[in-house]
1. Checking residue 218 against (1) closer than 24 Å to residue 540 by Cα; (2) surrounded by fewer than 13 Cβ atoms within 10 Å (Cβ to Cβ); (3) at pLDDT 95 or above, which test does it fail?
2. Determine which single condition residue 177 fails, assuming it passes every other condition in (1) assigned by TED's automatic domain parsing to the domain that holds residue 137; (2) within 21 Å of the chain's Cα centre (by Cα); (3) among the basic types (Lys, Arg).
3. Taking the options 205, 172, name whichever one is among the small types (Gly, Ala, Ser) and modelled with pLDDT of 95 or more.
4. Looking at the stretch 109-141, which of its residues are closer than 13 Å to residue 504 by Cα, touching a strand residue (DSSP E or B) at 6+ places or on another chain (Cβ under 8 Å) and assigned to a loop (DSSP other than H, G, I, E, B)?
5. Does residue 396 qualify as being touching a Leu at 6+ places or on another chain (Cβ under 7 Å), surrounded by 14 or more Cβ atoms within 10 Å (Cβ to Cβ) and at pLDDT below 95?
6. With respect to residue 529, is the statement that it is under 24 Å from residue 378 (Cβ atoms) and in contact with a Lys or Arg (Cβ under 8 Å, 6 or more places away or on another chain) true?
7. Would you mind stating whether residue 197 is closer than 30 Å to residue 266 by Cα and of a type outside the set (Lys, Arg)?
8. Can you find even one residue in the stretch 513-525 that is closer than 27 Å to residue 185 by Cβ, part of a helix (DSSP H, G or I) and either assigned by TED's automatic domain parsing to the domain that holds residue 202 or modelled with pLDDT under 95 (or both)?
Amino acid sequence: MCGITGIYHHLSGRSVDAATIDRMCAQIVHRGPDDQGTHVADSLGIGMRRLSIIDLDTGSQPIFNEDRTVVTVFNGELYNFQELRADLLARGHTFATQGDTEVIVHLYEEYGVDFVTQLNGMFAIAVWDAREERLVLVRDRLGQKPLYYAETADGLVFGSELKCLLQVDEVGTDIDRQAVFHYFSLGYIPHPWTIYEQVRQLDPGGRLIVDRSGVRLDRYWTLDTHVDATLVYEETAERLRDLLLDAVRLRMISDVPLGAFLSGGVDSSIIVSLMAQVSSQPVKTFHIDFAHEEYSERVYARAVAEKFDTDHHELVVEPSAIEVLDELVGFFDEPFGDSSAIPTYYVSKLTRQHVTVALAGDGGDESFGGYERYQRILDRRQLAGPLRSTLGGVGGLIHRVLPRSAPGRRYFRSLGMPQHAFFMVATAEAEARDLLSREFLEPLGNFSTFAALRRPMEAADCGDALTPYSAFDLHYYLPDDILTKVDRMSMAHSLELRAPLLDYRVVELAAKMPASWKIRGGTTKWILKDLFADSLPEKVTAQRKWGFALPIEHWLRGELRGVLEDALADSTVVDSGIFNMAEARALAEEHFAGVRDRTSQLWNYLFFTRWLQQHSRRPVATA
């Protein structure tokens with residue numbers, strides 16, 4: 001696990017300054033505290049920070065091919081590298097190391113820019129081909145590892161985190177208005193946007209090629225979301241079990257201590273059960289709770305730990321909301337509204353005290369219908385379109401005449417919305433327009449988050465009731481919220497996190513399953529619960545009304561109230577011209593008074609303003 005950086009002055013041909021590559025690497029020491037490596041040659045410079053996991057002695061990067069015409073830096077893990085290495089040896093390639101990185105340069109020799117299709121793993125990779133003067137950047141299929149890039153007058157700059165790119169003077173920091181609008185509509189910034197106009201994220205499953213002909217972007221992988229009507233449940237369930245076991249086995253290859261997150265939910269419990277099946281030693285498991293008992297999942301985690309006799313570690317935390325907020329702002333580099341980053345931060349911190357690698361259950365909700373909002377959208381589907389339109393007209397009228405603090409006002413506002421729009425943004429897009437200032441919104445015109453991001457949902461609209469919504473989450477919510485959170489919070493503690501449920505073979509198989517295998521009779525993740533019913537404690541597989549939650553609502557009325565009030569009066573925030581400050585203050589007053597729960601909007605606002613206040617190169621929105 002590492003962080004990577006680089007510069008290619010393909011336009012100007014200007015030599016890259018080695019000191020700049022060093023500064024870029026210095027920004028991501030937390031991603032790779034064990035080692036640094038760079039390669040600078042004329043107009044090309046690449047660098048990396050390494051967290052040693054496999055091949056501890058000879059796995060340093062950059063790594064070259066035999067004649068040093070191809071070189072790579074790489075962030076992530078290739079789980080099938082042993083199989084690939086054996087094949088490449090049989091083809092006559094010579095290896096100088098025992099790790100997974102060297103596989104990349106030899107695969108490139110065999111397959112060119114299509115080398116990435118051979119990989120099963122999580123990765124952000126840069127390959128430099130000196131003969132062709134070609135730079136290739138690729139990102140893993142589901143977007144587990146980040147990769148940012150910016151085009152400048154000289155060429156291309158890239159890195160694992162935004163803070164790397166900001167070490168290059170030519171990279172501008174003007175705020176992207178569209179990204180801000182997306183953030184307040186979704187709670188995160190979706191790819192390819194970032195908070196900066198000039199910087200973009202490489203798409204999951206994306207490839208960027210820079211050579212004499214310029215810069216080209218494409219996708220080497222797109223998930224097939226069409227349900228396969230020929231699948232037989234019993235056969236598919238057994239195939240799923242085999243794939244999950246293999247995915248866990250591959251992710252347990254490590255030369256350093258390894259454990260697992262254990263929240264007590266179905267996904268992490270399944271991973272622990274399979275690890276126990278593979279491992280000859282007790283699995284190390286890690287669980288955190290907050291001091292508020294109503295938010296505890298401890299009883300479920302303990303049941304799994306006892307069932308599989310794990311080496312279990314628990315921590316009850318009472319975090320300082322102010323301190324953890326500032327920590328989060330520093331690691332995310334841009335506004336990020338998912339407050340579940342807080343427990344992820346703490347469980348990563350606990351886990352890293354004992355191991356360097358951990359397995360987690362991320363990906364199960366998106367692939368197997370685990371979110372409560374999936375059930376809601378299926379229930380809403382029972383309302384016929386014409387009836388919903390009629391109710392929407394009435395609801396719109398009711399919304400306009402109700403006081404803004406009246407309960408149910410959002411509900412009436414959403415009644416007439418089409419299914420896809422309701423699922424993606426519900427009333428949040430309209431609320432974003434209320435919160436942002438007229439002056440800030442004016443250059444955006446009719447820009448809409450729903451219109452900008454609807455294509456994956458519509459492309460997956462194959463008649464299955466659930467597929468469009470899981471397709472949207474797999475395309476945007478998973479990489480840009482869940483996996484961004486997991487990557488930043490684990491890397492904050494130099495912990496490598498691996499997710500067997502995100503093995504692309506598992507995701508591809510799940511995408512072919514009908515909705516009835518995933519949600520049945522009000523039970524979410526039905527096939528997983530059915531498949532592992534005999535393996536897990538009954539209380540774990542039973543349907544719950546809620547999962548792990550945070551006391552953010554109380555924090556905003558208590559410990560964070562003063563911070564929020566400061567953010568409503570701060571001159572940097574007010575003078576930015578981004579917000580309708582009257583609306584922001586009204587939201588806060590409603591929340592403080594307990595009239596309405598405005599947690600989501602206020603947390604998003606607070607994180608954004610904290611970022612705006614603290615960012616070392618504070619940007620200013622420009623027309």
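1. Condition (1) is where residue 218 drops out.
2. (2)
3. After applying the criteria, what remains is 205.
4. 119, 120, 140
5. So residue 396 does not fit the description; no.
6. It is false that residue 529 is under 24 Å from residue 378 (Cβ atoms) and in contact with a Lys or Arg (Cβ under 8 Å, 6 or more places away or on another chain).
7. No.
8. no
The values are calculated or read from the model by the stated rules, or taken from the named source; none is laboratory data. No experiment lies behind these values; they were computed from the predicted model shown. Note: ideal-geometry Cβ built from the backbone for every residue, glycine included; neighbour counts use all protein chains shown.
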